[in-house]
1. When you scan segment 72-84, how many residues do you find that are surrounded by 19 or more Cβ atoms within 10 Å (Cβ to Cβ) and part of a helix (DSSP H, G or I)?
2. Taking segment 117-164, which residues are closer than 19 Å to Val226 by Cα and free of Cβ contacts under 8 Å to residues at least 12 places away in the same chain?
3. Sort out which residues of segment 272-303 are basic (Lys, Arg) and in contact with a Lys or Arg (Cβ under 8 Å, 6 or more places away or on another chain), and write them in order of number.
4. Among the residues of segment 27-44, is there at least one that is at pLDDT below 90 and among the polar types (S, T, N, Q)?
5. Of all residues being in contact with a Cys (Cβ under 9 Å, 6 or more places away or on another chain) and over 28 Å from Leu64 (Cβ atoms) in segment 156-177, which is surrounded by the most Cβ atoms within 10 Å (Cβ to Cβ)? Just the residue, please.
6. How many residues, within segment 37-48, are within 10 Å of Tyr22 (Cβ to Cβ) and either buried (at least 18 other Cβ atoms within 10 Å of the Cβ) or in contact (Cβ under 8 Å) with a residue 40 or more places away in the chain (or both)?
7. If Arg25 satisfies every condition in (1) under 31 Å from the mean Cα position of the chain (by Cα); (2) assigned to a strand (DSSP E or B); (3) surrounded by fewer than 17 Cβ atoms within 10 Å (Cβ to Cβ) but one, which is the exception?
Amino acid sequence: MSEVPASSTADPRIGIRINDRYELRRVVADGGTGRVYEGADLQTQTRIAVKILHDDIALDPVALERFKREYELSKSLPHEHIVDVLDFAHDASLNIHYLVMEFLDGEELRYLLKREKVLAPERLIRMMAQVAMGLDEAHARGFIHRDLKPDNLFLCGTRDGDICKILDFGSVKDRNARKKLTQLGTTIGSPYYMSPEQAQGLESIDARSDVFSLAAVAYECVTSFVPFDGNNGPSILLAIMTQEPIMPTVRGAGAKYPILPKLDDVLEEGLAKSATIRTPSVGALADAIGRAYGIEGTHRDWAYMPQAELSERVRVSIAKVPITLRMDDPFGTSVPPAKVETAPIRAVASQASSRAPFDAGREAPRPPPQGYSEPPLGLPSRSPWLILGLIGFLALLVGGGVVVLILR
């Protein structure tokens with residue numbers, strides 16, 4: 001959702017009562033499908049969020065059916081990490097359709113990333129653990145979210161850390177339902193986070209599609225970049241189906257928080273093109289992310305662990321990582337490792353990062369990492385045997401010259 005426009009304070013709906021029950025207090029957000037208000041449920045005396053659908057959306061029977069299904073799904077799947085949808089109805093006197101949800105204090109992950117660029121490792125681990133718990137429950141019942149993105153992850157701050165709520169199950173695929181709202185070949189979701197099978201509009205998607213989307217969110221949380229980019233929707237979808245993402249340690253070189261090489265392997269598996277070799281579940285993905293930072297346990301342990309304790313565990317783990325880290329080349333070749341002189345340790349980028357697939361031409365090349373310099377021109381940079389051979393040959397020539405002088 002977009003930020004609230006300044007003129008929203010003059011919204012004529014402020015103060016009205018919907019169906020003599022829900023009173024609107026203020027505008028909190030605008031979106032493509034409707035405007036969201038903070039309100040009060042006069043029957044229960046609780047704060048609520050009320051989403052009033054835009055007129056064009058209210059006239060679309062498929063859109064209305066999606067909102068109705070989101071309400072019914074929430075009723076069948078109550079979970080502490082899924083937003084609770086309380087009501088969906090029509091007020092004939094006001095001629096509006098509306099959705100009533102629990103009111104959440106906090107902000108969407110999208111706004112947090114816009115401000116902070118990246119997440120601290122402990123915050124990422126805790127968030128992914130909680131999202132996995134909510135999604136694994138939904139997946140067990142045959143529900144595929146299909147629209148996981150930073151806009152649909154809401155963070156409510158507490159003393160011990162964030163409590164994450166998954167929003168917007170309106171695009172959900174119910175594998176148990178006979179009635180289909182999506183025509184074959186239609187893509188549902190946000191282009192930057194779609195799985196390859198979603199990008200193709202395949203009907204056979206399963207929970208591993210959500211794994212891909214969540215891995216794409218995690219990639220953005222550590223690097224500040226989406227894993228696949230493009231000038232428009234079709235070019236983004238083409239990249240998702242045909243390109244490989246730049247490794248996080250390369251794309252996020254110089255980021256505020258360390259990106260350990262093990263995270264490259266974790267997100268590579270989570271973003272695999274083929275669902276058959278992709279990380280099998282969101283729970284397994286959350287486990288792998290935590291272990292990439294060297295902490296013990298599972299996502300169920302980390303979901304409610306105080307963020308400060310997670311932070312200390314990550315700090316201790318990172319301190320054990322050797323100072324010399326590998327330098328991986330996105331094209332599958334390798335160059336000699338460079339030593340990172342400063343602590344905390346940061347993964348270092350390859351000299352080839354500026355020519356990595358799909359990134360060329362889209363942004364200025366990043367400067368080489370501290371401590372790394374290009375090899376001298378004219379000398380081979382990737383074959384130590386050639387270098388040794390060349391040195392030996394030169395030594396032979398010099399030695400031969402000395403012998404000749406002596407014989408004279």
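The values are calculated or read from the model by the stated rules, or taken from the named source; none is laboratory data. These figures come from a predicted structure and were not determined experimentally. Because the Cβ atoms are built from the backbone with ideal geometry, glycine has one as well, and the counts that use them run over all protein chains shown.
1. 1
2. Residues satisfying the conditions do not exist here.
3. Arg278, Arg291
4. yes
5. Initially, segment 156-177 is screened for residues in contact with a Cys (Cβ under 9 Å, 6 or more places away or on another chain), giving 156, 162-165.
Filter once more, keeping what is over 28 Å from Leu64 (Cβ atoms): 156, 162-164.
Working: Cys156: 12, Asp162: 21, Ile163: 20, Cys164: 24.
Only one residue fits best here, namely Cys164.
6. First pass over segment 37-48, keeping only residues within 10 Å of Tyr22 (Cβ to Cβ): 37, 39-43, 48.
Checking which are either buried (at least 18 other Cβ atoms within 10 Å of the Cβ) or in contact (Cβ under 8 Å) with a residue 40 or more places away in the chain (or both) leaves us with 37, 39-41, 48.
Here the count works out to 5.
7. Of (1) under 31 Å from the mean Cα position of the chain (by Cα); (2) assigned to a strand (DSSP E or B); (3) surrounded by fewer than 17 Cβ atoms within 10 Å (Cβ to Cβ), only one is false for Arg25: (1).
Conditions tested, residue by residue: (1) outside any loop (DSSP other than H, G, I, E, B); (2) among the aliphatic types (A, V, I, L, M).
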{"position": "Ile125", "(1), (2)": "yes, yes"}
{"position": "Met128", "(1), (2)": "yes, yes"}
{"position": "Arg146", "(1), (2)": "no, no"}
{"position": "Phe154", "(1), (2)": "yes, no"}
{"position": "Asp162", "(1), (2)": "yes, no"}
{"position": "Lys165", "(1), (2)": "yes, no"}
{"position": "Asp168", "(1), (2)": "no, no"}
